[in-house]
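Everything below concerns the one structure shown next.
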């Protein structure tokens, strides 16, 4: 009988404490993971300095921070030092994530009955209370990168990376071409499988209803810009008046991750709604001011003022429209809609769509956004079945003069008259 040294944990009974947090600081490294006393967690702080020097975006550091904060809370519960963990701790952590519920500041109210359910109108699944497969995979990738930095670059931490790769018995780069670069091989061992992603285009009739449900010209301008060129919500919210070329009808966005500037075309309707929004705003904007502002004025200690529109405010815009229509659309659905509309246009190549969407690899465009729409396949098959029924209901063709219908039936195995 085998004897195991590792501790067997009942992950169903583990509850993570509300310890520490992710804090913004006015520093070249703008995000920190801090403990209950506000002191930075030093291993994470040095890791973030490494990432910022590599050119990572500030938003990426914030995302990494929440993954590492959750990991530090886990280490406190299981009472293991960060530099002494093994694959067993990572395995148990993934098992805990697969069955745990996400902490919420406030309990669900209106969305409690629809959490995790499929919306009958959009056929999209609402977010549930647990951790999705993509969240777990992202957490594993962050942890592997964190330990890779401390083991490889600093020579500290565990002897081996606890977030192991599963190479199925193969040696890494066993058939590597010596003329090419060395690439990491193998998937992370405890990564859950992802369901096949389906395109999330908004049908034209639903798009008209969604657009009509918006309350302001500002909201209509944002959505029309997004659906005309597929720009991400964060890229649109980062725009300034100087990023709008009225003559050429283009807008400039700064791409997610690389922060590279790129000019994108936009529809004439988008510029009409944008012009109406700026006219209603009243206050002239400076060239480098934020382009999007809240409609209501708030007092933040310096009098009633409009505030720059953030992502939470934009989510609230979609949330109000979804409640009105009984849907669960998001801003990213507008990006999917734009990609699929461009794909259906024979004048645009796949390379054109890749450039407009800002993808580094053509495979991302082809596999993620341009997968065959299941609903479209069902409609085509339904048309095929209806056509078969129509042909079957038609009377058999008449036999030409001079031929015997009985002989033709024997010859061709059919029915004629």
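The values are calculated or read from the model by the stated rules, or taken from the named source; none is laboratory data. The model shown is predicted, which means the values in this text are computed figures rather than measured ones. No Cβ is skipped: glycine too gets one built from the backbone with ideal geometry, and neighbour counts run over all protein chains shown.
Of the residues making up the range 365-388, those that are at pLDDT 75 or above and under 24 Å from the mean Cα position of the chain (by Cα) number 3.
Free of Cβ contacts under 8 Å to residues at least 40 places away in the same chain, over 24 Å from residue 159 (Cβ atoms) and assigned by TED's automatic domain parsing to the domain that holds residue 148: does that describe residue 28? Spelling it out, residue 28 is indeed free of Cβ contacts under 8 Å to residues at least 40 places away in the same chain, over 24 Å from residue 159 (Cβ atoms) and assigned by TED's automatic domain parsing to the domain that holds residue 148. Report yes if residue 320 is closer than 18 Å to residue 229 by Cβ, assigned by TED's automatic domain parsing to the domain that holds residue 263, at pLDDT 90 or above and out of contact with any helix residue (DSSP H, G or I) (no Cβ under 6 Å at 6 or more places or on another chain), otherwise no. So residue 320 does not fit the description; no.
Take residue 98 and decide whether it is assigned by TED's automatic domain parsing to the domain that holds residue 143, under 20 Å from residue 196 (Cβ atoms) and modelled with pLDDT of 90 or more. So residue 98 passes the test. Residues in the range 297-342 that are in a loop (DSSP other than H, G, I, E, B), more than 20 Å from residue 217 (Cα to Cα) and without any contact (Cβ under 8 Å) to a residue 40 or more places away in the chain: 300, 301, 302, 303. Looking at the range 216-293, the helices (runs of 4 or more DSSP H) lying wholly inside it that each contain 3 or more residues that are under 22 Å from residue 321 (Cβ atoms) and more than 28 Å from the chain's Cα centre (by Cα) sit at 268-281.
If the condition is being within 18 Å of residue 266 (Cβ to Cβ) and either surrounded by 17 or more Cβ atoms within 10 Å (Cβ to Cβ) or touching a residue at least 12 places away in the same chain (Cβ under 8 Å) (or both), then the range 350-361 contributes 353, 356, 357, 358.
For the range 213-229, the criterion of a residue being surrounded by 14 or more Cβ atoms within 10 Å (Cβ to Cβ) and either touching a strand residue (DSSP E or B) at 6+ places or on another chain (Cβ under 6 Å) or not assigned by TED's automatic domain parsing to the domain that holds residue 309 (or both) is satisfied by at least one position.
When residue 78 is tested against (1) more than 25 Å from the chain's Cα centre (by Cα); (2) free of Cβ contacts under 8 Å to residues at least 24 places away in the same chain, just one condition goes unmet, and that condition is (2). Residue 347 meets the conditions (1) surrounded by 10 or more Cβ atoms within 10 Å (Cβ to Cβ); (2) over 20 Å from residue 255 (Cβ atoms) in every case but one. The failed one is (1). Scanning the range 78-107 for residues that are in a helix (DSSP H, G or I), out of contact with any helix residue (DSSP H, G or I) (no Cβ under 9 Å at 6 or more places or on another chain) and surrounded by fewer than 16 Cβ atoms within 10 Å (Cβ to Cβ) turns up just one, 84.
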